[in-house]
Amino acid sequence: MKLRYFAWLRSSMGCEAEEIALPAEIRSVGMLLDWLPTQGERFRRAFEFIDVVLVSVNKEYAERSDPVRDEDEVYLVPPIAGG
């Protein structure tokens, strides 16, 4: 799976995108969002406020119940405030 990060999430993760191996038991967006923070300190800190992040799977807005597969591209887009 390819994860792409935007805005402050990109800064927190220290990269724009990365490939991960999705475990077989992770079958939905919600499961993915619950699993990612368990993958180390970098993920735990970056995903502390994951509830406000919009998720897109293969360029389509996704809900927590939507399916994910290892070959998907997932965009993680936090809200962006401006002045």
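The values are calculated or read from the model by the stated rules, or taken from the named source; none is laboratory data. Predicted model only: the values in this text are computed from it and were never measured. No Cβ is skipped: glycine too gets one built from the backbone with ideal geometry, and neighbour counts run over all protein chains shown.
The set of residues in segment 8-19 being of a type in the set (Gly, Ala, Ser) and part of a loop (DSSP other than H, G, I, E, B) consists of GLY14 alone. Inside segment 20-32, residues that are touching a strand residue (DSSP E or B) at 6+ places or on another chain (Cβ under 9 Å), within 11 Å of VAL68 (Cα to Cα) and either assigned to a loop (DSSP other than H, G, I, E, B) or modelled with pLDDT under 95 (or both) make up a count of 1.
In segment 42-56, the count of residues that are in contact with a Phe, Trp or Tyr (Cβ under 8 Å, 6 or more places away or on another chain) and among the hydroxyl-bearing types (Ser, Thr, Tyr) is one or more. Among the residues making up segment 24-83, those that are under 15 Å from ARG4 (Cβ atoms), among the hydroxyl-bearing types (Ser, Thr, Tyr) and without any contact (Cβ under 8 Å) to a residue 24 or more places away in the chain are SER56, TYR61. Selection of segment 9-30 for residues being over 19 Å from LYS59 (Cα atoms), surrounded by 15 or more Cβ atoms within 10 Å (Cβ to Cβ) and either aliphatic (A, V, I, L, M) or over 13 Å from the mean Cα position of the chain (by Cα) (or both) yields MET13, ILE26.
When you look at GLY40, is it at positive phi and of a type in the set (Gly, Ala, Ser), yes or no? Don't jump to the end; show me each part of the working.
Values: at positive phi: yes; of a type in the set (Gly, Ala, Ser): yes.
Yes, satisfied.
Looking across segment 2-13, the residues that are in contact with a helix residue (DSSP H, G or I) (Cβ under 7 Å, 6 or more places away or on another chain) and without any contact (Cβ under 8 Å) to a residue 60 or more places away in the chain come down to SER12, MET13. Of the residues making up segment 48-83, those that are modelled with pLDDT under 95 and of a type in the set (A, V, I, L, M) number 7. Can you tell me which residue in segment 48-83 is surrounded by the most Cβ atoms within 10 Å (Cβ to Cβ), limited to those that are of a type in the set (A, V, I, L, M, F, W, C) and part of a loop (DSSP other than H, G, I, E, B)? Looking at residues that are of a type in the set (A, V, I, L, M, F, W, C) and part of a loop (DSSP other than H, G, I, E, B), I get VAL68.
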